[in-house]
Amino acid sequence: MSTHGGNTFIPLNIAVLTVSDTRTEDNDTSGQALVERLTTAGHNLADKAIVIDDVYQLRAQVSAWIADDSINAIISTGGTGFTARDNTPEALMALFDKDIEGFGEVFRHVSLAEIGTSTIQSRAFGGIANKTVVLCVPGSTNACKTAWDKVIKEQLDASHRPCNFVPHLNISAEQCETRG
């Protein structure tokens, strides 16, 4: 494994997507938990959206963010289960240049201590598209907190060693100049 950790934190521009037929800005506790955590960590909220569980609407929103060079990462919450309306993997995996198989594996591993074998019902996954990392987690607020606190935070921190996702992203010179 090569060393891709840097010496300093670089604030990333992160978009948050809530996948839900029922959530609104008023009751989107999962999306809000991610926003609070990413901004507390020193990152910037680039955009936030709530999109219904529809393959084409999800692809349209995420494709627009992937095409936006100013967005470095996308975190989605919801739509990763097994119900008929859980379509996030089917919608978004087709957009990836590379899959991040280990993301789902590690998320389920850390979730095991919290929810036991129910973690197998999570289809959490990740990928990279157009130098944008896309990480998709379940819709529960606790799952979002676990994902951020135990996996995502370190992987979106340029100073985390031995490696992180930051060297694989399209980082602007301005972002490098505003290091924390």
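The values are calculated or read from the model by the stated rules, or taken from the named source; none is laboratory data. Predicted, not measured: the structure shown is a model, and the values here were computed from it. Please note: Cβ atoms are built from the backbone with ideal geometry, for glycine as well, and neighbour counts cover all protein chains shown.
A compact table of results
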item: Some residue of the stretch 121-132 being among the hydrophobic types (A, V, I, L, M, F, W, C), closer than 19 Å to VAL55 by Cβ, modelled with pLDDT of 95 or more and not in a loop (DSSP other than H, G, I, E, B); result: yes
item: Qualifying residues in the stretch 122-136 (those that are of a type outside the set (Gly, Ala, Ser) and either loosely packed, with under 13 Cβ neighbours inside 10 Å or touching a Lys or Arg at 6+ places or on another chain (Cβ under 9 Å) (or both)) - the one farthest from ALA67 (Cα to Cα); result: CYS136
item: Whichever residue in the stretch 35-53 is in contact (Cβ under 8 Å) with a residue 40 or more places away in the chain and touching a strand residue (DSSP E or B) at 6+ places or on another chain (Cβ under 6 Å) and, among such residues, is surrounded by the fewest Cβ atoms within 10 Å (Cβ to Cβ); result: HIS43
item: Inter-residue pairs, beta-carbon under 7 Å, first over 9 Å from ALA41 (Cβ atoms) and in the stretch 145-156, second part of a helix (DSSP H, G or I) and among the acidic types (Asp, Glu), 6+ apart; result: THR146/GLU114
item: Residue match in the stretch 17-30 (condition: in contact with a strand residue (DSSP E or B) (Cβ under 6 Å, 6 or more places away or on another chain), touching a residue at least 40 places away in the same chain (Cβ under 8 Å) and part of a helix (DSSP H, G or I)); result: yes
item: Residue list for the stretch 69-88, filter: surrounded by fewer than 16 Cβ atoms within 10 Å (Cβ to Cβ) and modelled with pLDDT of 95 or more; result: ASP69, SER70
item: Positions within the stretch 90-108 being out of contact with any Gly (no Cβ under 6 Å at 6 or more places or on another chain), closer than 27 Å to THR39 by Cβ and not charged (D, E, K, R), in sequence order; result: ALA91, LEU92, LEU95, GLY102, GLY104, VAL106, PHE107
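To keep it simple, each residue is scored yes or no on (1) in a helix (DSSP H, G or I); (2) out of contact with any helix residue (DSSP H, G or I) (no Cβ under 8 Å at 6 or more places or on another chain); (3) farther than 30 Å from ILE10 by Cα; (4) of a type in the set (A, V, I, L, M, F, W, C).
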site	(1), (2), (3), (4)
GLN61	yes, yes, no, no
ILE66	yes, no, no, yes
SER70	no, yes, no, no
SER76	no, no, no, no
